[in-house]
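The values are calculated or read from the model by the stated rules, or taken from the named source; none is laboratory data. From a predicted model like this one, the values you see are computed outputs, not experimental measurements. Here Cβ is always computed from backbone atoms with ideal geometry, including for glycine, and neighbour counts include all displayed protein chains.
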Amino acid sequence: MRQPDNETVGRIFDTLSRRYDTQIDWWERRIMGRPRQWAVPRAEGRVLELAVGTGLNLPLYGPQVTSVLGIDLSDKMLDIARTRIADLQLNHATVRRGDVQALDLPDDSIDTVVSTLTFCTIPDPLQASREAFRVLVPGGRIVLAEHGPATNRVAATLMRMVEPLTVRFGADHLTRDPVPYLEDAGFVVDEVHRVGAMGVGFRVVAHKPADRRSGRARSSTVD
């Protein structure tokens, strides 16, 4: 399966930008069970948001968050995010174009990384995980609300069958499990919950160990 590159992903989401909020709202309510409302309250301190898109998460950050930096490849998605920031006076938030696989941020400079429905489109999710690991402070957390293969075998098979089309036309990998990427990057995975219709939703919390020799710990549930 041919993998879309950064230029292709940016172009796809430029095209989707005007209707993105409406379309993703239906998907989140009917299929995913409000992933943003689960993920964002778990952020604190200095936050980096991967593939911030139109900024749907930005109004949800609470007072425990001191700043939010959102990175995205799509200029048109970012234009909508900037309008949202201005209209809602979200003075703690900034967004800019960039590549989450090659972050222009110092080591150990972020307290929480947030990713909501983004690992499915990042060309190299392992490299993005490594970059998130690098910029997090020791003990810092990454919070993911993503989609992946269904727990139902029939549904998972159907997802694999249509995936070449969703990747080609939407840069959307339907069956990516985000957890192995985090583990391979060095994170300790603390929680994994499968939620939503046929278990397609992943809710994951992991942290960068203060001691690199720390073992991996993981609890997993299906809700």
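Read through the list (1) more than 17 Å from GLU146 (Cβ to Cβ); (2) touching a residue at least 40 places away in the same chain (Cβ under 8 Å); (3) crowded, with 16+ Cβ neighbours inside 10 Å, then give the number of the only condition that ASP75 fails.
(3)
What pairs come up if the first residue lies in the range 157-175 and is surrounded by 13 or more Cβ atoms within 10 Å (Cβ to Cβ), the second is assigned to a helix (DSSP H, G or I) and hydroxyl-bearing (Ser, Thr, Tyr), and their beta carbons are under 6 Å apart, counting only those six or more places apart or on different chains?
If the second residue must be assigned to a helix (DSSP H, G or I) and hydroxyl-bearing (Ser, Thr, Tyr), the pairs left are ASP172/THR166; LEU174/THR166.
May I ask you to list the residues in the range 80-102 that are closer than 22 Å to GLY10 by Cβ, touching a Leu at 6+ places or on another chain (Cβ under 9 Å) and surrounded by fewer than 15 Cβ atoms within 10 Å (Cβ to Cβ)?
Across the range 80-102, the qualifying residues are ARG96, ARG97.
Tell me, which residue of the range 137-154 that is of a type in the set (A, V, I, L, M) and closer than 28 Å to GLY199 by Cβ is surrounded by the fewest Cβ atoms within 10 Å (Cβ to Cβ)? So that I can check it myself, show each step before the final result.
Filtering the range 137-154 for residues of a type in the set (A, V, I, L, M) gives 137, 142-145, 150, 154.
Checking the rest, the ones that are also closer than 28 Å to GLY199 by Cβ come to 142-145, 150, 154.
Values: ILE142: 27, VAL143: 22, LEU144: 27, ALA145: 30, ALA150: 22, VAL154: 9.
By that ranking, first place goes to VAL154.
So, in the range 75-96, exactly how many residues are part of a helix (DSSP H, G or I) and among the polar types (S, T, N, Q)?
Looking only at that region, the number is 1.
Show the residue pairs that are 6+ apart or on different chains and have beta-carbon atoms under 7 Å apart, the first residue being within the range 50-63 and closer than 13 Å to ILE80 by Cβ, the second being surrounded by fewer than 24 Cβ atoms within 10 Å (Cβ to Cβ) and among the aromatic types (Phe, Trp, Tyr).
GLY53/TYR20; THR54/TYR20
Counting only residues that are within 15 Å of LEU69 (Cα to Cα) and touching a strand residue (DSSP E or B) at 6+ places or on another chain (Cβ under 6 Å), which one in the range 109-125 is surrounded by the fewest Cβ atoms within 10 Å (Cβ to Cβ)? First the steps, then the outcome.
Just the residues of the range 109-125 that are within 15 Å of LEU69 (Cα to Cα), to begin with: 109-116.
Checking the rest, the ones that are also touching a strand residue (DSSP E or B) at 6+ places or on another chain (Cβ under 6 Å) come to 110-116.
Details: ILE110: 24, ASP111: 19, THR112: 24, VAL113: 27, VAL114: 27, SER115: 27, THR116: 26.
Checked the range 109-125; the qualifying residue surrounded by the fewest Cβ atoms within 10 Å (Cβ to Cβ) is ASP111.
Any residue at all in the range 42-55 that is loosely packed, with under 15 Cβ neighbours inside 10 Å, outside any helix (DSSP H, G or I) and either touching an Asp or Glu at 6+ places or on another chain (Cβ under 9 Å) or not aliphatic (A, V, I, L, M) (or both)?
yes
Could you please find all residues in the range 18-35 being of a type outside the set (A, V, I, L, M, F, W, C) and surrounded by fewer than 19 Cβ atoms within 10 Å (Cβ to Cβ)?
ARG18, ARG19, TYR20, ASP21, THR22, GLN23, ASP25, ARG29, ARG30, GLY33, ARG34 - these are the residues of the range 18-35 that are of a type outside the set (A, V, I, L, M, F, W, C) and surrounded by fewer than 19 Cβ atoms within 10 Å (Cβ to Cβ).
With the structure loaded, tell me whether ALA128 is within 18 Å of the chain's Cα centre (by Cα), surrounded by 19 or more Cβ atoms within 10 Å (Cβ to Cβ), among the small types (Gly, Ala, Ser) and within 19 Å of LYS208 (Cβ to Cβ) or whether it fails that test. Step through it out loud before you land on a result.
Numbers: within 18 Å of the chain's Cα centre (by Cα): yes; surrounded by 19 or more Cβ atoms within 10 Å (Cβ to Cβ): yes; among the small types (Gly, Ala, Ser): yes; within 19 Å of LYS208 (Cβ to Cβ): yes.
Against the criterion (within 18 Å of the chain's Cα centre (by Cα), surrounded by 19 or more Cβ atoms within 10 Å (Cβ to Cβ), among the small types (Gly, Ala, Ser) and within 19 Å of LYS208 (Cβ to Cβ)), ALA128 qualifies.
Name the helices (runs of 4 or more DSSP H) wholly inside the range 119-223 in which the number of residues that are touching a Ser or Thr at 6+ places or on another chain (Cβ under 7 Å), modelled with pLDDT under 95 and of a type outside the set (Phe, Trp, Tyr) is 3 or more.
So the answer is 153-170.
Please state which of the following conditions THR116 fails to meet, knowing it meets all the rest: (1) without any contact (Cβ under 8 Å) to a residue 24 or more places away in the chain; (2) β-branched (Val, Ile, Thr); (3) under 28 Å from THR166 (Cα atoms).
(1)
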